[in-house]
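The values are calculated or read from the model by the stated rules, or taken from the named source; none is laboratory data. Values in this document were obtained by computation on a predicted structure and should not be read as measured data. Please note: Cβ atoms are built from the backbone with ideal geometry, for glycine as well, and neighbour counts cover all protein chains shown.
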Amino acid sequence: MKWTGVVFCSIGLLWGELRVGQFRTLDESRKELQTIGDIAKDPESWQVRRELVRGGIRDGIGFKKWPKKTKMRIVRHSRVERDGYTVENVGIETIPGYFLCGNLYLPKIAVDKMPVFLCPHGHWSKEDLHHHGRHRDEMQYRCGALARMGCGIFAYEMVGYGDSKRMGWEHRWDPQVMALQTWNSVRALDYVLELPGADRKRVGVTGASGGGTQSFLIAALDDRITLSAPCVMVSCHFFGGCRCESGLPVHVRDTHVTNNAEIAALFAPKPQLLISNGDDWTKHTPTLEFPFLRKIYQLYGKEEKVKNIHLPEEKHDYGKSKRMALYDFVAEQFKLNRKLADESKVELIDPITLFVFGKDHPVPEGLLKPNQKVQFPK
């Protein structure tokens, strides 16, 4: 059987053409960006295109109308003090019966008008907990350094990782995982914006790999985000190979076709940092995706608000030099003290203690059966 890009979901309905993995060649992608650029010839044309693509993402995910926001049960415990910041284990009920779990990093001394960040993780899933999602060293360093700068950060897990995996959820269980993760990000944003002192004018999101996809998706869809920093993921020819990135028809609609570079451009003219490297699909970012985004930002007269840090000798990760670039950008855009982002002051925490639920903190009652079809509240 010859596959043509037409994919059936698990419940047997035709969802439409999906763009999975390296769906386009570089030449095809370059022509596609040129076509989009010709459409976006002025601010008015781009605004029409922007709303079309945003609506297509929501329709493709299944959120033509956003789900109802239900009252969240919140579990929060196990506060740990470090040099200049604290860490707590937090679970929030994003829909009745599903808890999104993560770790909350806060400045040790309360900050008036505190910037807040969402930090989703990528598809690093070794059974060694030091290399598992939000428990990874790089996540702890990044969140600890941002908290030392004065930010509040929620490092949360994807479906089927960490606590979610312990509760029986599988990451690749169904294309609907993309919808659940996106809604989890919306509710995570609700949570951090209700933290004491949260500054609604300084709201960031950053993640690498699959966490980069989640970063530019939520940044495109939720206007409350004011700074986006997707790491090693923005590409016009590579669409992510996981169902949480390309399992639903967000790129190909009856009215248009789009790609992840354009989805990232939907965030214009707000500050955005693209972090790329020379060992994966982002090796072309300086010559392909970044010039396209600059053109969109120029429509607003804000081309200085989008930047690209390219590290040609590095690989697909959120390594130290990438994090240093993030701190520089955040300090500049949010007017924070860059010197406080000193990773030598960040002391790693035993990952086994970062889980929200366990022997001392049992899972709440009334949870959804894992891997079932999720009914989002209406």
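Please tell me if residue 33 is touching a Ser or Thr at 6+ places or on another chain (Cβ under 6 Å), among the aliphatic types (A, V, I, L, M) and crowded, with 17+ Cβ neighbours inside 10 Å.
On the way: touching a Ser or Thr at 6+ places or on another chain (Cβ under 6 Å): no; among the aliphatic types (A, V, I, L, M): yes; crowded, with 17+ Cβ neighbours inside 10 Å: yes.
No.
Just wondering, is there one or more residues in the range 238-253 that are among the small types (Gly, Ala, Ser) and not in a loop (DSSP other than H, G, I, E, B)?
Restricting attention to the range 238-253, the residues satisfying the condition of being among the small types (Gly, Ala, Ser) are 240-241, 246-247.
Adding the requirement that they be not in a loop (DSSP other than H, G, I, E, B) leaves 246.
Yes, the range 238-253 has at least one match.
Any idea which residue in the range 295-348 is nearest to residue 81 (Cα to Cα), counting only those that are of a type in the set (D, E, K, R) and in contact with an Asp or Glu (Cβ under 6 Å, 6 or more places away or on another chain)?
Only one residue fits best here, namely 345.
Out of 330, 356, 306, 346, I need the residue that is surrounded by 14 or more Cβ atoms within 10 Å (Cβ to Cβ), touching a Gly at 6+ places or on another chain (Cβ under 6 Å) and over 30 Å from residue 173 (Cβ atoms). Which one?
Numbers: 330 fails: touching a Gly at 6+ places or on another chain (Cβ under 6 Å); 356 fails: over 30 Å from residue 173 (Cβ atoms); 306 fails: touching a Gly at 6+ places or on another chain (Cβ under 6 Å).
Answer to the check: 346.
List every residue pair whose Cβ atoms sit under 7 Å apart, with the two residues 6 or more apart in sequence or on different chains, where the first one lies in the range 334-358 and is part of a loop (DSSP other than H, G, I, E, B) and the second, anywhere, is among the polar types (S, T, N, Q).
Here the result reads 346/140; 348/140; 349/140; 355/89; 356/89, each pair linking the range 334-358 to a residue that is among the polar types (S, T, N, Q).
Collect the residues in the range 48-67 that are over 20 Å from residue 175 (Cβ atoms) and in contact with a Phe, Trp or Tyr (Cβ under 8 Å, 6 or more places away or on another chain), keeping them in residue-number order.
none
Regarding the range 54-66, can at least one residue be identified that is surrounded by 12 or more Cβ atoms within 10 Å (Cβ to Cβ), more than 21 Å from the chain's Cα centre (by Cα) and in contact (Cβ under 8 Å) with a residue 40 or more places away in the chain?
Checked the range 54-66: no residue is surrounded by 12 or more Cβ atoms within 10 Å (Cβ to Cβ), more than 21 Å from the chain's Cα centre (by Cα) and in contact (Cβ under 8 Å) with a residue 40 or more places away in the chain.
Confirm whether residue 134 is more than 20 Å from the chain's Cα centre (by Cα) and closer than 20 Å to residue 350 by Cα.
On the way: more than 20 Å from the chain's Cα centre (by Cα): no; closer than 20 Å to residue 350 by Cα: yes.
For residue 134, the condition - more than 20 Å from the chain's Cα centre (by Cα) and closer than 20 Å to residue 350 by Cα - is not met.
Scanning for something among the acidic types (Asp, Glu), outside any loop (DSSP other than H, G, I, E, B) and surrounded by fewer than 17 Cβ atoms within 10 Å (Cβ to Cβ), does the range 279-302 turn up at least one residue?
Of the range 279-302, the ones among the acidic types (Asp, Glu) are 279-280, 289.
Checking the rest, the ones that are also outside any loop (DSSP other than H, G, I, E, B) come to 289.
After this cut, where a residue has to be surrounded by fewer than 17 Cβ atoms within 10 Å (Cβ to Cβ) as well, the list is none.
No, the range 279-302 contains no residue that is among the acidic types (Asp, Glu), outside any loop (DSSP other than H, G, I, E, B) and surrounded by fewer than 17 Cβ atoms within 10 Å (Cβ to Cβ).
Counting only residues that are in a loop (DSSP other than H, G, I, E, B), closer than 18 Å to residue 351 by Cα and in contact (Cβ under 8 Å) with a residue 40 or more places away in the chain, how many does the range 160-186 have?
Narrowing the range 160-186 to residues in a loop (DSSP other than H, G, I, E, B): 160-161, 167-176.
Now restrict to residues that are closer than 18 Å to residue 351 by Cα: 160-161, 167.
Now restrict to residues that are in contact (Cβ under 8 Å) with a residue 40 or more places away in the chain: 161, 167.
So the count comes out to 2.
For the range 281-329, which residues satisfy the criterion of being of a type in the set (Ser, Thr, Tyr), free of Cβ contacts under 8 Å to residues at least 12 places away in the same chain and within 26 Å of residue 140 (Cα to Cα)? Spell out the reasoning first.
Pass one, the range 281-329, residues of a type in the set (Ser, Thr, Tyr): 282, 285, 287, 297, 300, 318, 321, 327.
Next cut, free of Cβ contacts under 8 Å to residues at least 12 places away in the same chain only: 287, 321.
Selection gives 321 alone.
Answer yes if at least one residue in the range 333-348 is of a type in the set (A, V, I, L, M), over 29 Å from residue 275 (Cα atoms) and modelled with pLDDT of 95 or more, and no otherwise.
Looking for residues that are of a type in the set (A, V, I, L, M), over 29 Å from residue 275 (Cα atoms) and modelled with pLDDT of 95 or more, one finds none in the range 333-348, hence no.
With the checklist (1) in contact with a strand residue (DSSP E or B) (Cβ under 8 Å, 6 or more places away or on another chain); (2) surrounded by fewer than 24 Cβ atoms within 10 Å (Cβ to Cβ); (3) in a loop (DSSP other than H, G, I, E, B); (4) touching a residue at least 40 places away in the same chain (Cβ under 8 Å) in hand, flag the one item residue 199 doesn't pass.
With (1) in contact with a strand residue (DSSP E or B) (Cβ under 8 Å, 6 or more places away or on another chain); (2) surrounded by fewer than 24 Cβ atoms within 10 Å (Cβ to Cβ); (3) in a loop (DSSP other than H, G, I, E, B); (4) touching a residue at least 40 places away in the same chain (Cβ under 8 Å) applied to residue 199, the lone miss is (3).
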